[in-house]
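Below: the structure, in structure tokens.
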Amino acid sequence: MSDKPRAFLFMPYIPFPVDRGTYQRVYHLFVELSKAYDVDLACLQEDSERDMAPFVAHTRRRLAIPFQNAPWQKLFPERLLNPLPTTVQHWQVDGVLQALQEFVDDEDYERVIFIDLVLWPYIKEIFPQHPHIVMDRSRVDWLFQTEELNTLPLGLRDRLLRKENLRKIARLEREAYAAIVGMIVCGWDDRDFLQKHLGVSEKIFVLANGFNEVYFDADAHPRQLTPAPSFLFCGALDYSPNVDAINWFAEAIWPLVHAAMPEAIWRIIGKSPDARSEAWARLEGVDLVGEVPDVRPYYQSSWAQVVPLRIGGGTRLKIVESLGMRCPVVSTTLGAQGLDLPPEESILLADEPQTFADALIRVLQDCELRQSLESNGLKVVQENYRWEQLGRKLTTYLKAL
């Protein structure tokens, strides 16, 4: 019999294989959590090829609930008369509540932890009086959808529907915030946004993302730069913040870089390229690589990585992975939120097209600067952003609640 305290953990997916940024965070932190807690794990199982086998060694009990998202609601009467945001209602499916209730009946948990706001309607029904409920967030949808509304070119109808959904999200956020004892977010922008709207509280804990130092091993994969200067963007190519980032870079920044360094090559790497990607591929000097089985050779060979994000609330894993492979990073301030990386020492930050282009050109042309960023960036992430280190911070936070 284990002498570790017991915890119930509920996820909206099975995060293995770790083939998405969100899965990287959730899986690695779960493994670290299991070192301090005796975990009962429940997951929604949308893909039958993903199962619970990888979690057996780290859990006491497991439950995979077969799941398909509910259909999107018709505007009237279903959506407009439903108090739940449509982006949360999309996750409410018959049978899930009963399966969870049967799984946790007669069980006593010191901590109840769930991943993201979409699961709150289930949690509040199953644990209405539990004193130690914690929400971990790979993304704060309230912030994410607000930034999409403020950034993306949207038509009038779409803007009105997004505002309607945001009002409902705000109500649900306030309800959850009042009931839970703790909330874990990825970045300071998440924390500051929530505290602005919900009130300053020690409930919110910023836990940045990390990297797998065994897989992203800079010594095992030494730098082998391309003959011509090259840099990469790495991220899912169907994710709206990434699409906006690439579009902004392509329209406002790449022309400045290309004019100064026509020999430079911009490589775009990521899963799910779609019709929007074709315009990027037609740009002179751009190599639309798409999905690759292993990103490490591209970190090895690229002179730098760019992170021109304007919509936040994401995991920002690619920055720490890149630095862990000695590949320098040029990012917007928003793109690096939550990471304690000294500017000009471990990373270059710029938020306007000209300053971003200037920073990237500096990295590509200045060998001494590039090597300094390589060594300093590697040192910072090895000392602060390994999953084992972040896991200890997580368990310390949970035990102090």
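Only one of (1) more than 17 Å from L394 (Cβ to Cβ); (2) touching a residue at least 12 places away in the same chain (Cβ under 8 Å) is not met by Q24, so which one is it?
Every listed condition holds for Q24 apart from (1).
Pick from W266, W280, W254, W248: which is over 24 Å from V18 (Cβ atoms), touching a residue at least 24 places away in the same chain (Cβ under 8 Å) and in contact with a Lys or Arg (Cβ under 8 Å, 6 or more places away or on another chain)? Give the steps one after another, and end with the answer.
Working: W266 fails: in contact with a Lys or Arg (Cβ under 8 Å, 6 or more places away or on another chain); W280 fails: in contact with a Lys or Arg (Cβ under 8 Å, 6 or more places away or on another chain); W254 fails: in contact with a Lys or Arg (Cβ under 8 Å, 6 or more places away or on another chain).
Going through W266, W280, W254, W248 in turn, the sole match is W248.
Within segment 82-92, can one find any residue that is more than 29 Å from I311 (Cα to Cα), touching a strand residue (DSSP E or B) at 6+ places or on another chain (Cβ under 9 Å) and outside any helix (DSSP H, G or I)?
First, the residues of segment 82-92 that are more than 29 Å from I311 (Cα to Cα): none.
No, because not a single residue in segment 82-92 is more than 29 Å from I311 (Cα to Cα), touching a strand residue (DSSP E or B) at 6+ places or on another chain (Cβ under 9 Å) and outside any helix (DSSP H, G or I).
Would you be able to tell me the number of residues in segment 283-313 that are under 22 Å from S138 (Cβ atoms) and not in a strand (DSSP E or B)? Spell out the reasoning first.
Residues of segment 283-313 under 22 Å from S138 (Cβ atoms): 291, 295, 305, 307-313.
Cutting the leftovers down to not in a strand (DSSP E or B) gives us 291, 295, 308-313.
Total meeting the criteria: 8.
Within the group A218, A178, which residue is more than 22 Å from the chain's Cα centre (by Cα), surrounded by 19 or more Cβ atoms within 10 Å (Cβ to Cβ) and not assigned by TED's automatic domain parsing to the domain that holds V380? Quick ask: steps written out before the conclusion?
Working: A178 fails: surrounded by 19 or more Cβ atoms within 10 Å (Cβ to Cβ).
None of the other options fit; the residue is A218.
Does segment 62-79 contain any residue that is assigned by TED's automatic domain parsing to the domain that holds I113, among the β-branched types (V, I, T) and more than 21 Å from V112 (Cβ to Cβ)?
Going through segment 62-79, the residues assigned by TED's automatic domain parsing to the domain that holds I113 turn out to be 62-79.
Next, from what is left, pick out any that are among the β-branched types (V, I, T): 65.
Imposing the further condition that a residue be more than 21 Å from V112 (Cβ to Cβ) reduces the set to none.
Within segment 62-79, none of the residues are assigned by TED's automatic domain parsing to the domain that holds I113, among the β-branched types (V, I, T) and more than 21 Å from V112 (Cβ to Cβ).
Among the candidates V363, V295, V306, V329, single out the residue that is surrounded by 24 or more Cβ atoms within 10 Å (Cβ to Cβ), at negative phi, touching a residue at least 60 places away in the same chain (Cβ under 8 Å) and among the aliphatic types (A, V, I, L, M).
V306
Tell me, yes or no, whether segment 128-140 has at least one residue that is surrounded by 14 or more Cβ atoms within 10 Å (Cβ to Cβ) and in a helix (DSSP H, G or I). It would help to see each step written out before you state the result.
From segment 128-140, those surrounded by 14 or more Cβ atoms within 10 Å (Cβ to Cβ) are 130, 132-140; that's our starting set.
Next cut, in a helix (DSSP H, G or I) only: none.
Among the residues of segment 128-140, not one is surrounded by 14 or more Cβ atoms within 10 Å (Cβ to Cβ) and in a helix (DSSP H, G or I), which makes the answer no.
Give the number of residues within segment 314-350 that are within 17 Å of Q24 (Cβ to Cβ), assigned to a loop (DSSP other than H, G, I, E, B) and under 17 Å from the mean Cα position of the chain (by Cα).
5
State which residue pairs qualify: first residue within 17 Å of D38 (Cα to Cα) and inside segment 89-109, second residue at pLDDT 95 or above and of a type in the set (A, V, I, L, M, F, W, C) in any location, beta carbons under 7 Å apart, and separation of 6 or more residues or different chains.
That search, which allows pairs on different chains as well, returns F103/A42; F103/L63; V104/F8; V104/I126; Y109/A7; Y109/F8.
Among the aliphatic types (A, V, I, L, M) and under 21 Å from L369 (Cβ atoms): does that describe V289?
Details: among the aliphatic types (A, V, I, L, M): yes; under 21 Å from L369 (Cβ atoms): no.
For V289, the condition - among the aliphatic types (A, V, I, L, M) and under 21 Å from L369 (Cβ atoms) - is not met.
Confirm whether E102 is under 28 Å from P15 (Cα atoms) and in contact with a Pro (Cβ under 7 Å, 6 or more places away or on another chain).
Against the criterion (under 28 Å from P15 (Cα atoms) and in contact with a Pro (Cβ under 7 Å, 6 or more places away or on another chain)), E102 does not qualify.
State yes or no: is Y109 among the hydroxyl-bearing types (S, T, Y) and not in a loop (DSSP other than H, G, I, E, B)?
no
The values are calculated or read from the model by the stated rules, or taken from the named source; none is laboratory data. Everything quoted here is computed from the prediction, not taken from an experiment. Cβ atoms come from the backbone with ideal geometry, glycine included; neighbour counts cover every protein chain shown.
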